[in-house]
Amino acid sequence: MTNNSILRLAIQRKGRLSEDSLSLIKESGIKFSSDTAKLKSKSRNFPIEFLFLRDDDIPDYVADGVADIGIVGENVALEKGKNIDNLRKLGFSKCRLSLAIPKEIEYQGLSYFQNSSIATSYPKILKGFLTKNNISADIHEISGSVEIAPSIGLASAVCDIVSSGSTLMSNGLKEVETILNSEAIIIGNQSLSDEKKSILDRLIFRIESVQKGKNNKYILLNAPNHKLEEIIKLLPGMRSPTIVPLADKNWSSVHSVINEDEFWEVIENLRGAGAEGILVVPIEKMIL
Ligand code: ATP
Ligand code: MG
């Protein structure tokens, strides 16, 4: 596009992606007016401009270069997207694209869908799935309220986005196959200028630091010196833990970083090994 010294990021104006997309940018230290009643906004402290759009339009705008990058669900990127790069998973707006059928039907496998009619807003992804499984079915493309299709006789199954499954259930449907697991991702135009690429690298570096911070906790604990060696072995840490002597010369304070995934197990082991006064502190950003 015209201005090479600014990166244009398209985000959903209003919907399930908006809030988390905006918070991620804010946590990356990028200041801007998030008044999404406007269609455009420019950052005050980073070379980035925001376009607030409907999520369905974002892949095309990114492919055409109207926007340089965008935040969308993988479901939308795969359905609408051609000629775009999938740059990074963002870990929010998790959901799945699934096949669902009336709940009173006993499901005996994919053969149920042979010669069936399926209502969906995701004809491209669905077609790919059916072809891969050698199933021929009628695909009814509808743009919303897909889940009512079976009860009005429009289709014998649906292929739709599910998170808790409660919408399906309240429409008398049950989920029987998952086609795709989806989360928000950053997509990018395939021919960004070097200047835009370097702004993008700076943005991704910030986003990674925020994500790592969220996935890790800072931990402080007191340990009797004769147990120190055993306790240190239990701590992963970035390099090795910090050890600070306490006023009581038989005790030390140990500081380290623990990943969320192994958090509870490590804490239990630490207590078992004699650690006391364990404090756990959130990390705002983590730069390795
Ligand atoms: P738009 O008006 O921008 O077209 P929309 O109604 O198509 O919005 P939303 O319902 O806001 O879309 O969903 C946006 C994206 O959020 C979906 O494409 C999907 O990736 C994800 N998503 C959908 N449903 C859920 C859910 N229940 N929980 C979490 N994420 C979801
Ligand atoms: Mg949409």
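Test S41 against the criterion of being more than 30 Å from V158 (Cβ to Cβ) and more than 16 Å from ligand 2 (Cβ to nearest atom), and give yes or no. Write out each step before concluding.
Numbers: more than 30 Å from V158 (Cβ to Cβ): yes; more than 16 Å from ligand 2 (Cβ to nearest atom): yes.
Against the criterion (more than 30 Å from V158 (Cβ to Cβ) and more than 16 Å from ligand 2 (Cβ to nearest atom)), S41 qualifies.
Considering every residue within the range 13-31, establish whether at least one is more than 20 Å from V210 (Cα to Cα) and in a strand (DSSP E or B). Even if it seems obvious, please write down each step before you answer.
To start, the set of residues in the range 13-31 that are more than 20 Å from V210 (Cα to Cα) comprises 13-16.
Cutting the leftovers down to in a strand (DSSP E or B) gives us none.
No.
Residues that are of a type outside the set (S, T, Y), within 16 Å of ligand 1 (Cβ to nearest atom), open to solvent by less than 50 Å² (accessible area, probe 1.4 Å) and not assigned by TED's automatic domain parsing to the domain that holds I11: does the range 100-112 have at least one?
The first filter runs over the range 100-112 and keeps only residues of a type outside the set (S, T, Y), leaving 100-106, 108-110.
Filter once more, so that each one left must be within 16 Å of ligand 1 (Cβ to nearest atom): 100.
After this cut, where a residue has to be open to solvent by less than 50 Å² (accessible area, probe 1.4 Å) as well, the list is 100.
From what's left, not assigned by TED's automatic domain parsing to the domain that holds I11: 100.
Yes, the conditions are met somewhere in the range 100-112.
Out of the range 161-187, which residues are touching a Phe, Trp or Tyr at 6+ places or on another chain (Cβ under 9 Å) and buried (at least 18 other Cβ atoms within 10 Å of the Cβ)? Steps first, answer last, please.
Initially, the range 161-187 is screened for residues touching a Phe, Trp or Tyr at 6+ places or on another chain (Cβ under 9 Å), giving 161, 174, 176-177, 179-180, 183-184.
Result: I161, V176, E177, I179, L180, A184.
Name the residues in the range 61-76 that are of a type outside the set (S, T, N, Q), in a helix (DSSP H, G or I) and within 16 Å of ligand 2 (Cβ to nearest atom), would you? Break it down stepwise before answering.
The first filter runs over the range 61-76 and keeps only residues of a type outside the set (S, T, N, Q), leaving 61-74, 76.
Okay, now just the ones that are also in a helix (DSSP H, G or I), so 61-64, 74, 76.
If the condition is that a residue be of a type outside the set (S, T, N, Q), in a helix (DSSP H, G or I) and within 16 Å of ligand 2 (Cβ to nearest atom), then Y61, V62, E74, V76 are the ones that fit.
I'd like to verify a number: residues in the range 257-275 that are open to solvent by 100 Å² or more (accessible area, probe 1.4 Å) and of a type outside the set (F, W, Y), how many? First the steps, then the outcome.
In the first step, residues of the range 257-275 are kept if they are open to solvent by 100 Å² or more (accessible area, probe 1.4 Å); the result is 261, 264-265, 268, 271.
Narrowing the set further to residues that are of a type outside the set (F, W, Y) leaves 261, 265, 268, 271.
Matching residues across the range 257-275 total 4.
Out of (1) among the hydroxyl-bearing types (S, T, Y); (2) open to solvent by 20 Å² or more (accessible area, probe 1.4 Å); (3) over 25 Å from K127 (Cβ atoms); (4) at pLDDT 95 or above, what's the single condition that is false for S33?
Result: S33 passes all but (4).
For the range 39-84, give me each residue that is over 20 Å from G29 (Cβ atoms), open to solvent by 60 Å² or more (accessible area, probe 1.4 Å) and out of contact with any Lys or Arg (no Cβ under 7 Å at 6 or more places or on another chain).
L39, K40, D57, Y61, D64, L78, K80, K82, N83
Take the conditions in contact with a helix residue (DSSP H, G or I) (Cβ under 7 Å, 6 or more places away or on another chain), among the hydrophobic types (A, V, I, L, M, F, W, C) and more than 29 Å from I71 (Cβ to Cβ) and apply them to I101. Does it pass? Please lay out each step first, then the result.
Working: in contact with a helix residue (DSSP H, G or I) (Cβ under 7 Å, 6 or more places away or on another chain): yes; among the hydrophobic types (A, V, I, L, M, F, W, C): yes; more than 29 Å from I71 (Cβ to Cβ): yes.
Against the criterion (in contact with a helix residue (DSSP H, G or I) (Cβ under 7 Å, 6 or more places away or on another chain), among the hydrophobic types (A, V, I, L, M, F, W, C) and more than 29 Å from I71 (Cβ to Cβ)), I101 qualifies.
Looking for something farther than 15 Å from R202 by Cβ, within 13 Å of ligand 1 (Cβ to nearest atom) and of a type in the set (A, V, I, L, M) - is there at least one such residue anywhere in the range 46-53?
Scanning the range 46-53, I find at least one residue that is farther than 15 Å from R202 by Cβ, within 13 Å of ligand 1 (Cβ to nearest atom) and of a type in the set (A, V, I, L, M), so the answer is yes.
Taking K217 and the conditions (1) open to solvent by less than 30 Å² (accessible area, probe 1.4 Å); (2) touching a helix residue (DSSP H, G or I) at 6+ places or on another chain (Cβ under 7 Å), which numbered condition does it fall short on, given that it satisfies the others?
(1) is the only condition that K217 fails.
With the condition kept exactly as written, say whether any residue in the range 127-146 is under 18 Å from the mean Cα position of the chain (by Cα) and more than 16 Å from ligand 1 (Cβ to nearest atom). Please lay out each step first, then the result.
Initially, the range 127-146 is screened for residues under 18 Å from the mean Cα position of the chain (by Cα), giving none.
There is no residue in the range 127-146 that is under 18 Å from the mean Cα position of the chain (by Cα) and more than 16 Å from ligand 1 (Cβ to nearest atom).
Across the range 144-160, what is the number of residues that are in contact (Cβ under 8 Å) with a residue 60 or more places away in the chain and open to solvent by 10 Å² or more (accessible area, probe 1.4 Å)?
Summing the residues that are in contact (Cβ under 8 Å) with a residue 60 or more places away in the chain and open to solvent by 10 Å² or more (accessible area, probe 1.4 Å) in the range 144-160 gives 1.
So K14 ticks every box in (1) within 13 Å of ligand 2 (Cβ to nearest atom); (2) within 15 Å of R202 (Cα to Cα) but one. Which box is left unticked?
Single failed check for K14: (2).
Across the range 1-21, which residue is nearest to the chain's Cα centre (by Cα) among those that are under 23 Å from K285 (Cβ atoms) and open to solvent by 30 Å² or more (accessible area, probe 1.4 Å)?
Step by step, filter the range 1-21, then rank; the result is D20.
The values are calculated or read from the model by the stated rules, or taken from the named source; none is laboratory data. Please read these numbers as outputs of a predicted model, since none were measured by experiment. Backbone-built Cβ (ideal geometry, glycine too); neighbour counts: all protein chains shown. Note: areas computed on protein heavy atoms with side chains; ligands, DNA, RNA excluded. Shrake-Rupley method; radii C 1.70, N 1.55, O 1.52, S 1.80 Å.
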